[in-house]
Amino acid sequence: MVGGGQLARMMAPAATALGFELRVLAESDDVSAVSAVPSSPVGDYKDLETLLEFSKGLDVMTFDHEHVPPAHLRALQEAGVNVQPGPDALVHAQDKLVMRAAIDRLELPNPVWASVSDVAALVAFGEETGWPVVLKTPRGGYDGKGVRIISSPAEAAETGDWFEAMSPLLAEAKVEFTRELSALVARTPDGEARAWPVVHTVQVDGVCDEVIAPALDIPVEVAAAAEDAALRIASELDVTGVLAVELFETPGTGAGFLVNELAMRPHNTGHWTQDGSVTSQFEQHLRAVLNLPLGATDALAPVVVMKNFLGGDNQDLFSAYPLALASEPAAKVHCYGKSVRPGRKIGHVNLTGTSTADVDDVRRRAAVVAGIIRDGRVPAEEPAAILEENA
Ligand SMILES: Nc1ncnc2c1ncn2[C@@H]1O[C@H](COP(=O)(O)OP(=O)(O)O)[C@@H](O)[C@H]1O
Ligand SMILES: [Mg+2]
């Protein structure tokens, strides 16, 4: 796996269980995956020689992120390396303009969008579709970095620095969605594919904060259409491994959803599968890129909640464990071993519920565990009884 972030780290238990040797090309010796993966050489994924050296002896090369230059991926293929997903698929996760054009070509539902090369073009787009609009850097963005809401021609005039750094940019109509959804699938090179249930994802400031699996109260035909769209994207774009299709739910218009973006790797909106599905997205990604039969994707409980925790007040996460783990014995804590920095994704909590009617309670309890680890104390809005309940 190229890249040593938390996705590579969480791949390790799945590889161990199946008896595969996982190797990680790490950005430095203190990234998340290094302490979990014995073979983690440090090297620059932007350097072709480093990639070629790393590829020696691999059955398959896959990725923790989408930033390896496409030309390097082609060179690796020419050198005989089994790269999954391949560059022609991966470009749709690397470049949002390429992705938008492909979604149009597949006649799947896109927001109104345009490729804009300067401020004047952005203003023209806003005047035509109506303000506000969303301006995105097509490449290199993540967790809302590279996404900017532009409310007026005056604000558009202040985007010159973005056009200087990258041009063209992607302009989109700002979608009035009711929820954000994610349709997660996996596909093998031979074309076997499986989907997990469509989930509801809650984003805060452009960062995934919480996932509720499955998305509750979604019309069955909308969920089925979203799943079909993800499977179709996987097959038409020849995606291998896990594909996440981020969606905006738009009830009563068209298909009931619009495509937001694609990711071709395990995804934050799939972390619930670690403790809530027969096959986790990490195991499935390994099976898929190795062209092995895929695992069942059934949920293990009527509702599963995943709650992220970002870096906050508490620098010493383990000091909060006695309180956090006592507050909710059923919670599964996944900690990424990263240093704490404000707003940085450092872990998540999975918690299953026995009935969809309990969803609000499951969400609250998962949030308490995550909040205690983040802040080192019980969230102020929680009654002290939270600990006594479970003592
Ligand atoms: N066209 C849009 N309309 C409304 N909200 C949007 C739009 N595009 C993005 N967003 C919001 O910004 C978030 C991040 O945008 P996204 O394109 O997914 O970037 P990233 O690559 O950082 O995940 C989305 O999850 C959504 O909350
Ligand atoms: Mg996104």
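Tabulated data for the structure shown
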| item | result |
| --- | --- |
| Other-chain or far-sequence residues with amide H under 5 Å of N110's (modelled H) | V259 |
| ³J(HN,Hα), Karplus 6.51/-1.76/1.60, whole Hz, each residue of the range 262-270, x for Gly, Pro | 10, 10, 10, 4, x, 9, 3, 6, x |
| Translational diffusion coefficient (Stokes-Einstein; Kirkwood radius from C-alpha pairs) of the range 86-191 at 25 °C, 0.890 mPa s, in µm²/s | 164 µm²/s |
| Percent of beta bridges antiparallel (DSSP, the chain, rounded to nearest 5) | 90 percent |
| Tensor-based shape of the range 249-314 (alpha-carbon gyration tensor, a/c under 1.5 rounded, otherwise prolate or oblate) | oblate |
| Proximal lysines to K332, defined as alpha-carbon separation beneath 19 angstrom and excluding residues fewer than eight positions away on the same chain | K307, K345 |
| Gain in span if fully extended, S235 to T253, counting 0.36 nm per residue against the direct Cα distance | 3.9 nm |
| Over the chain: Rg over Rh, Cα atoms, Kirkwood Rh | 0.96 |
| Förster radius 51 Å - calculated FRET efficiency between R139 and A326, Cβ distance, rounded to 0.05 | 0.70 |
| The range 103-145: chymotrypsin sites (Phe, Trp or Tyr not before Pro) falling in loop per DSSP and having at most 15 other Cβ within 10 Å | none |
| The range 112-173 - Debye-derived log10 I(q)/I(0), Cα point model, q = 0.19 Å⁻¹ | -0.57 |
| Inter-probe distance in nm under a simple model that places probes 7 Å from Cα toward Cβ, at F20 and K46 | 2.9 nm |
| Surface/4 estimate of mean projected area, convex hull on alpha-carbon atoms of the range 120-265, nm² | 9.5 nm² |
| Environment charge of H65, counting only residues whose C-beta is closer than 11 Å and scoring Lys/Arg +1, Asp/Glu -1 | -2 |
| Cross-link partners of K56 among lysines (Cα-Cα below 29 Å; sequence separation of 8 or more within a chain) | K46, K338 |
| Gain in span if fully extended, K56 to V220, counting 0.36 nm per residue against the direct Cα distance | 54.4 nm |
| Residue-count net charge about E246 - beta-carbon cut-off 15 Å; Lys, Arg +1, Asp, Glu -1 | -4 |
| Descending Cα extents along the principal axes, the range 179-375, whole Å | 48, 40, 30 |
| Extension gain, E128 back to V202 (0.36 nm per residue minus Cα-Cα distance, nm) | 23.7 nm |
| Rg [Å, one decimal], Dmax [Å, integer] - the range 264-391, C-alpha atoms | 15.7, 51 |
| At most 16 other Cβ within 10 Å, DSSP loop - trypsin sites (Lys or Arg not before Pro), the range 1-95 | K46, K56 |
| Sum of side-chain charges, P219 neighbourhood, beta-carbon under 15 Å (Lys, Arg +1; Asp, Glu -1) | -4 |
| Rg to Rh quotient for the range 6-83, alpha carbon positions, Kirkwood Rh | 0.94 |
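Any read-out appearing in this document is the output of simple, stated calculations on the displayed coordinates, not a laboratory observation. The shown structure was predicted, so the numbers you read here are calculated from the model rather than taken from an experiment. We place every Cβ from the backbone using ideal geometry, glycine too, and count neighbours over all the protein chains shown.
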